[in-house]
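The values are calculated or read from the model by the stated rules, or taken from the named source; none is laboratory data. Just so it is clear, the structure is predicted and the values come from calculations on it, not from any experiment. Note: areas computed on protein heavy atoms with side chains; ligands, DNA, RNA excluded. Shrake-Rupley method; radii C 1.70, N 1.55, O 1.52, S 1.80 Å.
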Amino acid sequence: MKKTIFLGLAMLFATLSFAQNNRSSAEVFLQITKPGRYTVYLDDEVVGSATGRFRFYDVYNSKPELSIMQGDRLILRERINVNAQERLILGYDNGRLNVIKQLSLFRNNQYALDDFYDYTGDLNTGPIQPTLADLNYRLLSPEAFQEFYTSYKKSSFDNERVGLINAVNKKASFSSSQCKLILKAFTFDTERLKTAKSLYQTVVYPQNYFTIAETFEFFNYKDEFLKYLEKQ
């Protein structure tokens, strides 16, 4: 089984070029003004919120389907247009979906946005993000990731999963959402924590990496992971 999986990975590297990622990621933020219990879907990703603000990072589909559930009732389903390397900020009010703002994610190769609506005040601080050329070289494309993940799901043990991750990570980087999906498959939090720390060193858009905390089953490992991020 292991030989078959690694043969599949070899074919993946031979047929897919990591240097030609056709699309960089985007962000989609939604604000619902009317109080209530809502769940929002963007294609297959789901976000809940008690504040009426919903955030989707690492969006690759240029025309994803946005769905809003109020309780168990669907109140909106609509396809939206998303531009790469932009944050699309939407508002839902009186049964209508409106575009509030469209903001570029980067200024001077720095991630430049605040928590929701606007740019940060000081663009000379904070982590410097890769240039577009660097992202095109390093970021594993959605198509390549799907090829990898198909082989990855056949692994039965955490040590096999680590081997596959390391094989790909030598030549390409994962996004935060891809790392989250990968780490969910792990059986034990011990190996999940080690791998989460390792993947952080090469992850694209590290500002979203805190979402990995949701993959841990036990609080002590989640707490150790968050403390690790604080020190980076």
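Summary of values
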quantity: So D115, is it outside any loop (DSSP other than H, G, I, E, B) and acidic (D, E); calculated: no
quantity: Qualifying residue in the range 176-196 (condition: part of a helix (DSSP H, G or I), under 20 Å from the mean Cα position of the chain (by Cα) and aromatic (F, W, Y)); calculated: no
quantity: Of all residues making up the range 198-218, the number that are open to solvent by 30 Å² or more (accessible area, probe 1.4 Å), in a helix (DSSP H, G or I) and closer than 25 Å to A112 by Cα; calculated: 4
quantity: Any hit, the range 12-28, residues being among the basic types (K, R) and either closer than 30 Å to L164 by Cα or modelled with pLDDT of 90 or more (or both); calculated: yes
quantity: Of the criteria (1) of a type outside the set (S, T, N, Q); (2) open to solvent by less than 60 Å² (accessible area, probe 1.4 Å); (3) at pLDDT below 90; (4) not in a loop (DSSP other than H, G, I, E, B), which one P130 fails; calculated: (4)
quantity: Enumeration of residues in the range 37-55 that are hydrophobic (A, V, I, L, M, F, W, C) and either at pLDDT 90 or above or open to solvent by 60 Å² or more (accessible area, probe 1.4 Å) (or both); calculated: V40, L42, V46, A50, F54
